[in-house]
Amino acid sequence: IPAADLLAKPDDELRAIVEQMRATRYTGWRNHRGLWRDLMGLDEPGGKDVLDFGCGTGVEALELALAGNRVTLADISGENLQLAFRVFCLYREQLTHMHDEGVTLDLIDGEPPYITADTESFDVFHCNGVLHHIPWARQIMERAHEILRPDGLVRLMVYSDHGWRQATSTEPPDDVTVDPGFERFVRYFDQVGEYADWYSRDRIEQRFGDLFTVERCEYLTPTGKYLAAVLRKKEAAG
């Protein structure tokens with residue numbers, strides 16, 4: 001549902017939609033064996049400063065906030081930021097730990113440095129369903145390294161190499177843009193958008209291993225079409 005359409009709905013209807021989104025994501029096939037919530041850290045003790053990079057509707061950010069974290073919402077769409085902020089307002093009575101400082105909004109302008117935060121501002125860089133849509137993923141992860149505190153974590157959910165195989169019946173290529181299966185892969189996952197990439201543990205380590213240590217990496221859903229990874233910041237980037 002487009003953000004503009006959701007913004008137009010009254011509070012009670014919007015909250016009902018958000019509750020349905022939460023149920024679909026966290027009690028259904030996406031959270032198979034509880035791995036989505038586990039690897040994305042949604043049930044871990046709070047008290048952290050978390051940047052939700054590409055927050056979308058704010059459903060994932062809401063879970064992080066309900067766990068007691070201080071959350072910054074970041075998105076390339078101003079309407080998404082408005083929507084995510086409104087979602088937070090609908091749950092204000094459950095977010096008492098955030099009343100004093102409020103919710104921080106950060107509009108991503110599409111140009112480096114992407115996020116306006118100071119160096120070492122966050123404990124967690126939360127990136128759910130976003131990195132695989134970014135051709136310049138290396139620059140994003142370099143920026144994540146900068147704004148994370150020592151020992152900080154990146155939590156990723158991305159499209160997997162299994163997803164490429166399911167979509168195209170071929171082996172995943174190194175450069176997706178020149179492969180004849182590229183458009184099929186993009187449309188297999190999304191009705192809109194023009195770019196998507198696949199990831200595996202090896203691909204994550206090859207691209208970002210000088211910046212982060214891969215601590216955990218698991219395929220999500222019964223078919224493994226998604227992948228989640230937990231990365232820890234290395235103090236000396238190569």
Task: Alpha-carbon centroids, the range 18-45 and the range 125-200: separation in whole Å - done: 20 Å
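Summing Lys, Arg as +1 and Asp, Glu as -1, what charge do residues with Cβ under 9 Å from the Cβ of V214 carry, V214 excluded? The partial results should precede the final answer.
Numbers: positive: R201, R216, R232; negative: E205, E215.
Net local charge, V214 excluded: +1.
With a cut-off of at most 16 other beta carbons within 10 Å, and DSSP calling the residue loop, which trypsin sites (Lys or Arg not before Pro) in the range 1-107 qualify? Please list them. Write out the running numbers ahead of the final one.
Numbers: sites: R15, R22, R25, R30, R33, R37, K48, R70, R86, R92; in loops: K48.
In loop regions of the range 1-107 (DSSP not H, G, I, E or B), there are no sparsely surrounded trypsin sites (Lys or Arg not before Pro).
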- [ ] Determine the shape class of the range 78-195: with a ≥ b ≥ c the square roots of the Cα gyration tensor eigenvalues, call it rounded for a/c under 1.5, and otherwise prolate if a/b is greater than b/c, oblate otherwise.
- [x] prolate
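Hey, got a sec? Which GluC sites (Glu not before Pro) in the range 59-145 land in a DSSP loop and have at most 16 other Cβ atoms within 10 Å? Don't skip to the answer; put the middle values down first.
Values: sites: E60, E63, E79, E93, E101, E120, E142; in loops: E101, E120.
Counting only loop positions with at most 16 other Cβ atoms within 10 Å, the GluC sites (Glu not before Pro) in the range 59-145 are E101, E120.
In whole percent, how big is the carbon plus sulfur part of the accessible area of the chain, probe 1.4 Å, protein atoms only? Intermediate results must be reported in sequence, preceding the final value.
Working: 5410 of 11000 Å².
Roughly 49 percent, rounded to a whole number.
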- [ ] Find the percent of Cα-Cα distances in the range 189-238 that exceed 11 Å, and round it to a whole number.
- [x] 72 percent
Task: Full-stretch length increase - D190, A8 - with 0.36 nm per residue and alpha-carbon distance subtracted - done: 63.2 nm
Task: Angstrom value of the Kirkwood radius, inverse mean 1/r, which spans all Cα pairs in the chain - done: 18.3 Å
TODO: Give me the number: length gained by fully extending E215 to E235, i.e. 0.36 nm times residue separation minus the C-alpha to C-alpha distance, one decimal in nm.
DONE: 5.7 nm
Task: Helix-only [θ]222 nm of the chain, DSSP H runs n ≥ 4, -39500 (n - 2.57) each, per residue, nearest 500 - done: -10000 deg cm²/dmol
Open item on the list: Can you pull out the GluC sites (Glu not before Pro) in the range 164-220 whose DSSP state is coil and whose Cβ has at most 14 other Cβ atoms within 10 Å?
Closed with: E194
Task: Span per principal axis, largest first, for the Cα atoms of the range 1-69 (Å) - done: 34, 28, 20
- [ ] Would you please state which residues of the range 162-179 a label at D202 would reach in this model, taking the label point 7 Å out along Cα→Cβ and a backbone N cut-off of under 19 Å?
- [x] 162-177, 179
Open item on the list: Straight-line reach from K234: which lysines fall under 25 Å, measuring Cα to Cα and dropping same-chain residues less than 8 apart?
Closed with: K48
- [ ] Report, for the chain, the % of DSSP beta bridges that are antiparallel, rounded to 5.
- [x] 45 percent
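Please work out whether the range 58-139 counts as rounded, prolate or oblate from its C-alpha gyration tensor, where a ≥ b ≥ c are the square roots of the eigenvalues and a/c under 1.5 means rounded, while otherwise a/b larger than b/c means prolate and anything else oblate?
Details: a/c = 1.93, a/b = 1.66, b/c = 1.16.
It is prolate, given that a/c is not under 1.5 and a/b is the larger ratio.
The values are calculated or read from the model by the stated rules, or taken from the named source; none is laboratory data. Because the structure is predicted, anything quoted here is derived from the model rather than measured. Positions of Cβ are backbone-derived with ideal geometry, glycine not excepted, and every protein chain shown enters the neighbour counts. Note: accessible area is taken over every heavy atom of the protein model, side chains too, but ligands, DNA and RNA are not part of it. Shrake-Rupley method; radii C 1.70, N 1.55, O 1.52, S 1.80 Å.
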